[in-house]
């Protein structure tokens, strides 16, 4: 029996081309292509608008080749070229229809400016043919890319992605480096143009990133830079350098980026807590925002002069908030000990809503403020200094993340952590092996509640107020989504997921009103290409790619 790779047939090529062309038409007609026509990636060469209508065709061809694991032959390139040409034909038909029919009466973005962008300002009759030739060439490039060795694929893809991101984020980067006059002038004259990258700067950046990725991917497994493998002097110097970078980030990035970092770290705190409940113990909790609210409101009740004649300071109230969060986790855990799966999710969702409605109720208004919330919450003090700016609160978040990260790492490899993971894999088998599932589940809920409560206390101190409408169900969904995106059960995944889910929308303000459309497309792309998460736990990665590993290990057997 002989194992042969499936082929990328011409029928499949036409289907992929039609789908890629349809996505490109959608992006064009919602107005994104015309809106970003003057937003260059490389000044004078290509703009973000051109990337937006060409990328869907290129992406669909590449994704199909990867999924189908098409045979590495010259036919692959030809069929990829056909797919690209079909996508170009669909866009060319849109342009020609626009010359005959007034599409703008129905589709307001079908403007002459859009047609000029799609035809690279070549006009008729040459423009549509240029468009088809470019998309066909891109399809052929995708096919040729598939034939390259994995090392070269990784090098080219990462170099191009970083090139596009750098050109797109030109304004944000310049806002950071402008603080240093010499560095700002160097970036402005060598790397960046008035819009996007300088052509020479783009070539240098492409070569530098490509060379670094090529060298890094060629290192033997386990031979890359690792602090554990370095001499003590280099190891401690590296750790000191990393600590110094984190301590100076607010001064480097400024107020705007410090605010983004504060929000990201707040979700990291909650993500690390929910990762224990869902990722380690396998207990789906959809009411996790309740513990965040309990921590925030406890801090408000104990420190606000509106509710207490002699309010406590932030540091005095913090232990009480954490203890109450811990007890709340136990209270939630007791009724759900025998529940699993969807039933557990529904009950925890109800718990979150109960807390929100209690806070809103008139019955508890004298103590919790009702719909008016709680104001004048105390901010942390260190001596005579009050932490009340975004840059100063960054250090409080950083301290909280550092402590919680240390605890989470130690718990994962502890006896309790292994008991959580045993329950996640098979609760009946874990109980048969002598694991006390009652204690283990209660500790999972309580530990996750403490982490979320800590995030709530810092959130309340940051705003000096807390309102019921800040504690809605969407917060729980966001925390769960960042874990799925980063990698369920992975501690680094919680960091990566928070950066992408919370930080990316702020960085995508370049796309103005289209930023959530772009953001959604990026999330879909990530989940299609990385279903295990961006930084998955090793066991989960192996589970999801078990079939691929078996296919790699299978050797073709000659036909007898």
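No lab work stands behind these numbers, since they all come straight from the coordinates. No experiment lies behind these values; they were computed from the predicted model shown. Ideal geometry is used to build each Cβ from the backbone, glycine not excepted, and the neighbour counts take in all protein chains shown.
Distance between the modelled labels on residue 415 and residue 160, one decimal in nanometres: 5.4 nm (7 Å Cα→Cβ projection). Normalised by the number of residues in the chain, the average gap of Cα pairs under 8 Å and 6 or more apart makes the relative contact order 16 percent. Using a simple spin-label model with pseudo-atoms 7 Å out from Cα toward Cβ, residue 330 and residue 246 lie 3.1 nm apart.
Using alpha carbons only, how many degrees (0 to 90, rounded to 10) separate the axis of helix 232-274 from the longest principal axis of the chain? Roughly 80 degrees between the two axes. Between the Cα long axis of helix 199-217 and the first principal axis of the chain there is an angle of about 70°, rounded to the nearest 10. Fewest-first ordering of 235, 67, 415 by other beta carbons within 10 Å of each residue's beta carbon gives 415, 67, 235. If you wrap the Cα atoms of the range 81-157 in a convex hull and average its projected area over all directions, you get 6.0 nm².
Note on 75, 462, 338: ascending count of other Cβ atoms within 10 Å places them as 338, 75, 462, the fewest first. In the chain, the DSSP beta bridges split such that about 90 percent are antiparallel, to the nearest 5.
For a paramagnetic label modelled on residue 438 (point 7 Å from Cα along Cα→Cβ), amide N atoms under 13 Å away belong, within the range 333-355, to 334-338. May I have the pair-distance distribution P(r) for the range 151-219, computed from all Cα-Cα distances with 5 Å bins from 0 and rounded to whole percent? The calculated distribution, bin by bin, is 3, 18, 24, 21, 15, 10, 6, 1. Of all the C-alpha pairs in the range 68-204, what % are more than 24 Å from each other? Of all Cα-Cα pairs in the range 68-204, 55 percent lie more than 24 Å apart. Taking the Cα atoms only, what angle lies between the long axis of helix 473-486 and the longest principal axis of the chain, rounded to 10 degrees? Relative to the chain, helix 473-486 is tipped by roughly 60 degrees. As a ratio to 2.2 N^0.38 Å, the alpha-carbon radius of gyration for the range 255-543 is 1.00. The calculated Kirkwood hydrodynamic radius for the range 456-531 is 13.9 Å, given to one decimal from all distinct C-alpha pairs.
Ordered by the number of other Cβ atoms lying within 10 Å of each residue's own Cβ, fewest first, 395, 288 fall into the sequence 395, 288. At q = 0.05, 0.06, 0.10, 0.12 Å⁻¹, what log₁₀ I(q)/I(0) does the chain have when each alpha carbon counts as one equal point scatterer in the Debye sum? Each listed q corresponds, in turn, to -0.27, -0.39, -1.04, -1.29. Using a cut-off of under 18 Å, list every residue of the range 445-475 whose amide N is near the label point 7 Å from the Cα of residue 388 along the Cα-to-beta-carbon line. Residues 458-466 fall inside that zone.
Hey, with R₀ at 41 Å, roughly what FRET efficiency would residue 525 and residue 104 work out to, going by the Cβ-Cβ distance, to 0.05? The formula returns an efficiency of 0.85 here. The calculated FRET efficiency for the pair residue 93 and residue 308, based on their C-beta separation and a Förster distance of 56 Å, comes to about 0.20. A crude spin-label estimate for the pair residue 129 and residue 428, with each label 7 Å from Cα along the Cβ direction, gives 7.1 nm. Here the range 1-147 yields Rg over Rh of 1.03, to two decimals, using C-alpha coordinates and the Kirkwood radius.
With a cut-off of 13 Å on the backbone N, the residues of the range 448-465 near the modelled label site 7 Å out from residue 399 along Cα-Cβ are 458.
The Stokes-Einstein estimate for the range 313-423, based on a Kirkwood radius over Cα pairs and taken at 4 °C with 1.567 mPa s viscosity, is a diffusion coefficient of 73 µm²/s.
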